Amino acid sequence: MNLDDLVALAKSRGLFWPAAEIYGGSAGFYDYGHVGALLKKRFENVWTSYFVDQGDNYYILDAAHILPEKPLIASGHAALFNDILIQCTKCKTYFRADVLLSELGVKVSEGATAAQIDELIEKEHVKCPKCKGAMAKTKPFNMMFDVYLGPERSEKGYLRPETAQSVYLNFFREFNILRKKLPMGLALIGKAYRNEISPRQGLYRMRELTQAELQIFFDPETWDFDLGKVSDRKLNVFFYEAKDAQRITVKEIVERHKVPKFYAYHMALIDIFYTDILKIPESKFRFFEKGGDSKAFYNKLHMDIEVDVESWGGFKEVGGLHYRTDYDLKSHSKGSNQDLSVNMNGRKFMPNVLELSFGVDRNVWMLVDLHFEKSEDRTVLKLPAYLAPFSAGVFPLQHDENIERVAQSIHKRLRTEFKVEYDDAGSIGRRYARMDEIGTPFCITVDFDTVEKSSPNHETVTVRFRDEKKQERVKISDLNQFLYGHVHHDSSKSHPSFM
Ligand SMILES: [Zn+2]
């Protein structure tokens, strides 16, 4: 689906739109409406149940959004969390230099320095795309939002630029509370803040975003995996050294590309999440390895998780798998003067970190784009039932006292367990269409047979299936069980540790 259509759909169906919209909005900030907020929650729940709840010694944390300055100096963010800014000398418009260059078709690597970019600007005679004016020299621009705390605003802090730091800061206390076992997984779903120079493409580049991240702390000398169950699974991987994405088994990733087993196992884990649980077609999902200048210096191995999203114009990053070594805990040991190393397996060492990182907003957008289907007679958001914002719609077939009474009582009973919408406005066809557009997998209609004692269908309702449009009579007393069977998500069914 194209970008404009997705933006229009999101606004008209209660998904998301610019924050403070009635005042004209503010670039890079979005609000979720009643449908979008539910979809986001569903994604987070499925993510948690698969990545966190199925892990041994894996837990969820929650943490402050504002951090004092010191940890972000130690982590390197205060000095290095920069984009390169460039300004037009004539119209004074600011651009993110790498984005401007790639939009003009000039190849630039992700980690290019200001000097390298200046050189390119001169060599390629880059002019302002708005007014053709000359460009000034580039300068680094720190993307963190600083805040000043206290009555005199004398203490400097920052809105956290990523959720990962919140977890590293809590590692040592949790390690001790959780009986000093490794691997230990600490996950956090929460907001991160980045003063993006040019927010764009809807939920792709935002100034306030939600991340879902799992940090796994482990002993690099003892963390090993029996790949058994996933070793023959084929994944799409674009290796840094290669010129093309290839379809390759997990076993070959380990043997041919010297990727550690624990890393390859987590690639398979993520691949299963996208293809089996989120139902993304295999051909639209891949790993993209970062190397050279485009890889963060602290990552030993860095793969972006990419999905081919039409409204973003191709494969785009929706997450990443990062082997961050002991960089983070070492930095915070030094910054805080507290030794965060651990004593186990007969050695004293700094745990290593494997980070599984996901942009929640990007994944929500991607799900809408990929599951949206428009045909001649209808538009349907074909989300898996467990991701659908509403599980069912409940309709009285027509205005009739008995029918409406029964429909309302069904709605009341179902809503204690499920998200269900009651709709009695307009024709039944119109009501089906409204539910299709927001992905509701089942529509439950109460009709004359339901309330007519002499009917063979007394005390049953019609259940209409979103995708096949087939209809089935279901007993009212079986409805809770019916819905549970269809919309409950059991992540253990997909998880490799249960295969
Ligand atoms: Zn200009």
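Here are a few things to note about the model shown:
- Residue check, LYS90 more than 26 Å from TYR327 (Cβ to Cβ), at pLDDT 95 or above and among the charged types (D, E, K, R): yes
- Looking only at region 70-121, and only at residues there that are basic (Lys, Arg) and farther than 30 Å from LEU169 by Cβ, the one that is surrounded by the most Cβ atoms within 10 Å (Cβ to Cβ): LYS90
- Residue in region 197-209 that is closer than 30 Å to ALA8 by Cβ, at pLDDT 95 or above and surrounded by fewer than 17 Cβ atoms within 10 Å (Cβ to Cβ) present: no
- Identity of the residue in region 307-343, among the charged types (D, E, K, R) and in contact (Cβ under 8 Å) with a residue 24 or more places away in the chain, that ends up farthest from GLN211 (Cα to Cα): LYS334
- One residue from ILE197, ILE177 being without any contact (Cβ under 8 Å) to a residue 60 or more places away in the chain and of a type in the set (A, V, I, L, M): ILE177
- Filtering LYS191, LYS181, LYS229 for residues that are farther than 17 Å from THR325 by Cα, among the basic types (Lys, Arg) and in a strand (DSSP E or B) leaves a single hit, LYS191.
- Which numbered condition ARG256 fails, given (1) in contact (Cβ under 8 Å) with a residue 24 or more places away in the chain; (2) outside any loop (DSSP other than H, G, I, E, B): (1)
- Residue tally, condition within 15 Å of the ligand (Cβ to nearest atom) and part of a strand (DSSP E or B), over region 82-95: 6
- The single residue among ILE248, ILE216 that is farther than 26 Å from LEU67 by Cα, of a type in the set (A, V, I, L, M) and either assigned by TED's automatic domain parsing to the domain that holds LYS348 or not in a loop (DSSP other than H, G, I, E, B) (or both) turns out to be ILE248.
- Any hit, region 428-438, residues being within 29 Å of TYR32 (Cα to Cα), small (Gly, Ala, Ser), surrounded by fewer than 15 Cβ atoms within 10 Å (Cβ to Cβ) and not assigned by TED's automatic domain parsing to the domain that holds PHE273: yes
- Reported count of residues in region 40-64, each being touching a helix residue (DSSP H, G or I) at 6+ places or on another chain (Cβ under 7 Å) and assigned to a helix (DSSP H, G or I), is 6.
- Filtering SER109, SER154, SER102 for residues that are touching a residue at least 40 places away in the same chain (Cβ under 8 Å) and either polar (S, T, N, Q) or within 16 Å of the ligand (Cβ to nearest atom) (or both) leaves a single hit, SER109.
- Some residue of region 19-27 being crowded, with 18+ Cβ neighbours inside 10 Å, at pLDDT 95 or above and out of contact with any Gly (no Cβ under 8 Å at 6 or more places or on another chain): no
- Total residues in region 384-396, condition surrounded by 20 or more Cβ atoms within 10 Å (Cβ to Cβ) and either farther than 13 Å from ASP436 by Cα or assigned by TED's automatic domain parsing to the domain that holds ARG13 (or both): 4
- Listed by first and then second residue, the pairs linking a residue in region 421-444 that is among the basic types (Lys, Arg) to a residue that is modelled with pLDDT of 95 or more, with Cβ atoms under 6 Å apart and 6 or more places separating them unless they lie on different chains, are ARG431/PHE395; ARG431/ASP423.
- Residue list for region 118-140, restricted to those being within 14 Å of the ligand (Cβ to nearest atom) and either on the phi > 0 side of the Ramachandran plot or not assigned by TED's automatic domain parsing to the domain that holds ASP98 (or both): LYS132
- Pairs meeting the criteria (first residue in region 278-303 and over 11 Å from LEU321 (Cβ atoms) and basic (Lys, Arg), second residue in a helix (DSSP H, G or I) and modelled with pLDDT of 95 or more, beta carbons under 8 Å, at least 6 apart or on different chains) are LYS279/HIS371; LYS284/LEU370.
- When LYS11 is tested against (1) under 30 Å from LEU214 (Cβ atoms); (2) at pLDDT 95 or above, exactly one condition is not met: (1).
The values are calculated or read from the model by the stated rules, or taken from the named source; none is laboratory data. In this text the structure is predicted, and so the values were computed from the model without any measurement. Cβ coordinates were reconstructed from backbone atoms using ideal geometry, including for glycine residues, and neighbour counts include every protein chain displayed.
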